[in-house]
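Read the structure below first, then the notes.
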Amino acid sequence: MLGGKRILLGVTGSIAAYKAVQLASDLVKAGALVDVVLTRAALEFVTPLAFRAITHREVFTSMFDPNQPEALEHVTLARQIDAVVVAPATAHAIAKFALGLADDLLSTTVLTTRVPTVIAPAMETAMYEHPATQAHLATLRGRGWGVVGPATGRLASGAVGAGRLADPEEVIGALRWALGRRGDLAGRRLVVTAGPTREPIDPVRVVTNRSSGKMGFGIPEAA
């Protein structure tokens, strides 16, 4: 599904930005053409060179860089892409997207394009749980955006809670879902059963198999 697709990967200013390099690599391995846009805050955590080495494509950082002529015309970039994924997406970026604010290359491109969009929030638990952030996420979901994560675990502050960036495979799964919403199975309802098989021998013993559950997860993800 990702083969030959042009994906815009937006990276915002979170400590989790380094994980976006792996995400870019996985997208390239899946056959996608990845255009990376780094916000000014993201540049405090990662460098354009890291993404350029992975994607073998230009990395965009500003609308006003004369060395990036395509970046000067954000409408052109918006029309050429097939999907947008913003990972990590900070509370600030999420608020801008929900409110329709456009003050940098990423936000102007997102506001201009109408392609499937997925965001992966990453922030401190208190910021994620704040009513304002939750309201902005609800707004974006209402517009049909995919929201993946955040995961629960140890955060940069040392605290444990919701706010970790979702794993790259989860983000790519959500991106495939967003791209496939108008696919061959669009509108169909599926029932998937999952788990091990147990065949009784007698009231005590059974013949069974060691099921990981991965197939039961993979089938609906692919559908």
Next item on the list: Using a 1.4 angstrom probe, figure out how much accessible area the chain has per residue, in square angstrom, rounded to the nearest whole.
Entry: 55 Å²
Check: Want the number for residue 126 to residue 208: 0.36 nm per residue separation, take away the alpha-carbon distance, what's left?
Finding: 25.1 nm
Check: Out of 59, 78, 203, whose Cα points farthest toward the positive end of the dipole of the chain (charges: +1 Lys, Arg; -1 Asp, Glu; placed on Cβ)?
Finding: 203
Next item on the list: Would you tally the net charge around residue 140, using a Cβ to Cβ cut-off of less than 15 Å, leaving residue 140 out, and scoring K and R as +1, D and E as -1?
Entry: +4
Item checked: Among 208-215, 5-12, 44-51, the order from most to least packed when residues are scored by Cβ within 10 Å on average -> 5-12, 44-51, 208-215
Notebook entry, point to check: Could you work out the helix-only [θ] at 222 nm for the chain, with each DSSP H run of four or more residues adding -39,500 (n - 2.57) and the total divided by the number of residues, to the nearest 500 deg cm²/dmol?
Noted result: -10500 deg cm²/dmol
Check: Which one of 97, 173, 139 has its Cα pushed farthest toward the positive end of the charge dipole of the chain, where Lys and Arg give +1 and Asp and Glu give -1 at the Cβ?
Finding: 173
Check: Based on Cβ point charges of +1 for Lys and Arg and -1 for Asp and Glu, what charge dipole magnitude is obtained for segment 35-148 about its Cα centre, in debye rounded to the nearest 20?
Finding: 300 debye
Next item on the list: In debye, nearest 20, what is the charge dipole magnitude of segment 181-223 about its Cα centre with +1 on Lys and Arg Cβ and -1 on Asp and Glu Cβ, if you could check?
Entry: 220 debye
Check: In whole Å, what are the Cα extents of the chain along the three principal axes, biggest one first?
Finding: 77, 41, 34
Check: What does the accessible area of residue 97 come to, in Å² to the nearest 10, when a probe of 1.4 Å is used?
Finding: 10 Å²
Item checked: Helix 131-142 vs. the chain, principal-axis angle (Cα, 0 to 90°, nearest 10) -> 80 degrees
Next item on the list: Treating the angle as unsigned and between 0 and 90°, give the value, to the nearest 10°, between the Cα long axis of helix 19-29 and the longest Cα principal axis of the chain.
Entry: 80 degrees
Check: Hey, what angle do you get for helix 168-179 against the long axis of the chain, alpha-carbon based, 0 to 90 degrees rounded to 10?
Finding: 80 degrees
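The values are calculated or read from the model by the stated rules, or taken from the named source; none is laboratory data. It should be emphasised that the depicted structure is a prediction, and the values quoted were computed from it without experimental measurement. Using ideal geometry, Cβ is built from the backbone for each residue, glycine included, and neighbour counts are taken over all protein chains shown. Remember, those area values only see protein heavy atoms, side chains included, never the ligands or the DNA or RNA. Shrake-Rupley method; radii C 1.70, N 1.55, O 1.52, S 1.80 Å.
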